Structures are given as C-alpha cells and as structure tokens.
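Laboratory data are not the source of any read-out in this text; all were calculated from the coordinates shown. Please read these numbers as outputs of a predicted model, since none were measured by experiment. Every residue, glycine as well, gets a Cβ built from its backbone with ideal geometry; the counts of neighbours run over all protein chains shown.
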C-alpha cells in the first residue's frame, strides 16, 4: 500500500486543506467584517470556532478510527469539510458563516487525525518515518500558502472563494480515496462500538472554556470575575469528564496509554517543542514588521527561509529515523533549536536581515528534523494500542501546547509594556523599539529553555525504553 500513489495523494491533500484553512481566513477577516457590516471581534469567531471544533473532536475521531476504520473517518471528514466549505462560501450573514466554520472544523479534525492513523495502518514499518515526513512537508505547504493565497483570492475575486475553492479539491480527494484504499471490515466487539457523546459534550465544554481563557484572558484580565467564572466551569467540566471516562467501557481516552512512561515522555518532548514552535510562528511576523519595518508581503517572503527547509528536511528526517533512531534525531534537532534561540536572542539589536534569515533557516531545519521522528517514535512506543486513540491523544496535547505557547510567550513578550499600543512600524519611537526588542529577547531566551526541556524528555524517554528492553532481554 505504501506504493499506492493515489492513497498518498489523498492524505497529502487532506493535510494541505486542513492547514490551509486554519490560516487562510485570517487575512480575509477585514473583508468579511466589512461585507457583513460587523465588528472585527465578531468576525474573529470564524477563526475561534474552527480551532474549537478541531481541538474538541480529535479524541472522538481517534476513537472512531479504532471502531469503524480510518478510511471511513477520512471519507466522512472530506465530505463534512467540503460540504460546509460550500455553505461558508454562500453564507448570507456572519452567524451562518460562523456556524458553517464550526462544522468545517469538525471535518478538519476527522481529516487531521485520520491522516496520522492512516500511516501506521497502510505503510510498512520501515516506511512510516518517510510517510510522516511527507505529512510534515504537506503541513508546511498548507501553513505557508494560507496567508498569501487568502490575500490573493480575496483581492482578485472575493472572500467567498477562499471557501469555494475547497469544493473541487475535496471532490477530487474523495474520488481518489474511494478508488485507492481498500480497507477490510473491522470486527466490532459487543459494547465497544458505542459512541461516548456524553463524554464528548463535557470535553467540548471544558475545551471551549480553556480556549476562551487563553484567547481573552489578557484582554479581560486574568483575575477578572468573568475569567475566574469561566475557569471554574473549565475545572468542573474537565474533572467531571475524567471521572466519567474512568467509569464507562468505551472512553474517549485510553487511560492505559498513560501507563507507558516512555510514551508519555516522548509526547511531553513534543509538547515542549510545539509550545515554542507556535510561539515563534506567532512572534516572528511582529519582529519583521515592527522592528525590521517590512511590509506584510515582504515578511511572508522572508518567512520562506523557515518553511522551505522545513518542507525539504521533513521527508528525509522521517527516513533517517529508521536508520539513526528517533531519540538521536529529535534530541539533536532540539539542541539546534535551543542554540539558534540563544543566538537570535542576543543578535536582535543588530537588526540585520541575514541574521534573521539564517536563524529562520536553522529553526526550519530543527523542526523539520524533529517532527517526523517524533511521530514515528510515538507510533512505535504505542504499538499494540489503538492507533486512533494514540494519535488522538497526541494531537490533542500538541494543539493545546500550541495554544498555551502563544499565551505564555505573548505574556513574556509584552512584559513591561502594552503591546496593543505598538502596532505600527511607521509611528514606533526609539524607546518603544528598545522595549520591543527586550521583549523579543526574553521570549527567545525562554524558547531556548523550552527546546532544552524537549531534549531532556526525549533522552529520558530513550533511557526508559532502553532499560525496559534490557529487562525483557533478561527473561
């Protein structure tokens, strides 16, 4: 099946579509707000509900992969994503658009988790690393194209077409998936194929509260009554969810995964890496535009110094993980990222473009080298577990690590000044620029710490695994 180009093409399309639509709307929000004559705050819910839908249903679709098979989940994801892309494109008011974006996000969650479960199921063990590398490359392509494609389509046509363009792509992907992948029927055990909608509801409430706190906490005040109240709901809903999941026969979470210490350490390694990955992607455009004085289109071109090596290295890193081992590659990658963080942090005052681009290049190499081996490592450590539950848990943790990372680093970056008052590079004063550079420096020094913690957890996971294998060899 690894040689089936049609199947590979279909999962690549899935990754690109999901990543593209996660960012393509951002640049079109002003046009959407103007079209519907609404405030930017209301229009921004087009982004928030997509993130909410994806984050709150990854575990659910992971479970569905184990119960009904990954092909059916990916197919359902494509149908949902394509159908609600159409409804987004023909929306007659902002509420219809927000509603449609939510269900488009649910389709995106099914595609996202289906792709990760697809790899270990349809690729031989010696090629899963390379397959994860292809996914990394496709993800980078989607993330890279999101903003410029959204701007181009909105400028040349209208914002409607950033959604309508998904329809022919989705139809092609569905056709390719149907004719390319043959999946045997799964024998379902009695009582194991019941879907946990109660757990999903409690989990969804807790996720909504957490995302709201992370997005609005700084604006509303972290200790405001509103945030404290929502945080209380989050705690109650999440604890209730965990207690309920422990009692039922078909939980969304496979608690047995948390008994595998090496697996948990490998996931924590990825979580620390993704905290900084999201934070650097968030901060770098601000540095390029506020400190370097670049225009949005110029900063997009500079950021190619990051995305291009990420795209190129990904497939090779996945292949190398089978030869050199995931522990060596992941730890080496995060050592490189940590060193680059320190170098960039203490070079910020120079404001030289070649320093920025070289730093971006090494960040791209580091994360391109880390991603595929990390997924492959987790796949191998979780062998024997349901792959849907395994990757559903992994992807959920990684997505929240990214959300938490943006919040933490925004606080570090803006410590000592109000970031909201500094939004225009043309009016920025010398004193404000000094404060900004200090904020960026603190952020990237903190980034070095997070990357180093990723190294620690990777090496720790490798040590636990080695000790476990040594014990087994003695019997």
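Structure notes:
- Site pair residue 99 and residue 261 shows an inter-label distance of 5.2 nm when each label is modelled 7 Å from Cα along Cα→Cβ.
- Average projection, convex hull of the Cα set of the chain: 23.0 square nanometres.
- Contour excess over end-to-end distance, with Cα ends at residue 87 and residue 9 and 0.36 nm allotted per residue: 25.5 nm
- Projecting label points 7 angstrom from Cα along Cα→Cβ for residue 175 and residue 201 puts them 4.1 nm apart.
- Mean ellipticity per residue at 222 nm, deg cm²/dmol - from DSSP H runs of n ≥ 4 across the chain, formula -39500 (n - 2.57): -27500 deg cm²/dmol
- Shape category assigned to the stretch 1-182 from the gyration tensor of Cα positions, a/c cut at 1.5: prolate
- Potential lengthening between residue 463 and residue 240 on full extension [0.36 nm per residue; Cα-Cα distance subtracted]: 76.8 nm
- In this rough spin-label picture, where each label sits 7 Å from Cα along the Cβ direction, the residue 152-residue 323 distance is 3.5 nm.
- The stretch 202-352 shape via C-alpha gyration tensor axes, a/c threshold 1.5: oblate
- Calculated FRET value between residue 229 and residue 121, using beta carbons and R₀ = 30 Å, to 0.05: 0.10
- Three-way shape call for the stretch 194-267 based on the alpha-carbon gyration tensor, with the a/c threshold at 1.5: oblate
- Mean separation of Cα contacts under 8 Å, 6 or more apart, over the residue count of the stretch 196-249: relative contact order %: 49 percent
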